[in-house]
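Reading through the structure tokens given below for one structure.
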Amino acid sequence: MEQTVLGVFAVKKEGAEPTDDLEDVCIVIEGVEVLRTLGNIANAVAILFGLMYSLDLSYPTNLKYTFEVLQKVVMELDDKQLSRKAQVLKNKLFEGKV
């Protein structure tokens, strides 16, 4: 976790099955666990976007398009201008080709 720039971590008990409930969900920013016991991944992602906005953080370069699709396609925030890559994926999603 120390080298993680930005992330949502889902923790399961050791030996848990893939279908077992999560033990914890937390947010890590610049190697520091900033929030935990967030309940589920969807909640954690929404809170992560709020933290990124309030702390004025940029999207990590290697995850730029991932965050753009989450923000503009999934969450429908500022969805009028999409990069070409995000627009192609959005079109495929709506056509049912993904």
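So if I check each of Val74, Val8, Val34, which one is surrounded by 15 or more Cβ atoms within 10 Å (Cβ to Cβ) and under 16 Å from the mean Cα position of the chain (by Cα)?
Residue meeting the stated conditions: Val8.
Cβ contacts < 7 Å: first residue surrounded by 12 or more Cβ atoms within 10 Å (Cβ to Cβ), restricted to the range 42-54; second residue in a helix (DSSP H, G or I), any location; separation 6+ or different chain. Result?
Val45/Leu70; Phe49/Gln71
Here is a list: Asp24, Asp56, Asp20. Which entry is closer than 30 Å to Asp78 by Cβ and either of a type in the set (D, E, K, R) or in the same structural domain as Val74 (by TED's automatic domain parsing) (or both)?
Within the list Asp24, Asp56, Asp20, the selection yields Asp56.
Taking Gln3 as the residue in question, decide whether it is out of contact with any His (no Cβ under 7 Å at 6 or more places or on another chain) and assigned by TED's automatic domain parsing to the domain that holds Val88.
no
Look at the range 11-23 and say how many of its residues are touching a residue at least 12 places away in the same chain (Cβ under 8 Å) and either among the polar types (S, T, N, Q) or surrounded by 15 or more Cβ atoms within 10 Å (Cβ to Cβ) (or both).
1
Residue by residue through the range 77-88, note down the ones that are surrounded by 11 or more Cβ atoms within 10 Å (Cβ to Cβ) and either touching a Ser or Thr at 6+ places or on another chain (Cβ under 6 Å) or within 13 Å of Phe67 (Cβ to Cβ) (or both).
Leu77, Leu82, Ser83, Lys85, Ala86 - these are the residues of the range 77-88 that are surrounded by 11 or more Cβ atoms within 10 Å (Cβ to Cβ) and either touching a Ser or Thr at 6+ places or on another chain (Cβ under 6 Å) or within 13 Å of Phe67 (Cβ to Cβ) (or both).
The values are calculated or read from the model by the stated rules, or taken from the named source; none is laboratory data. These figures come from a predicted structure and were not determined experimentally. Positions of Cβ are generated from backbone atoms using ideal geometry, with glycine treated the same way; all protein chains shown enter the neighbour counts.
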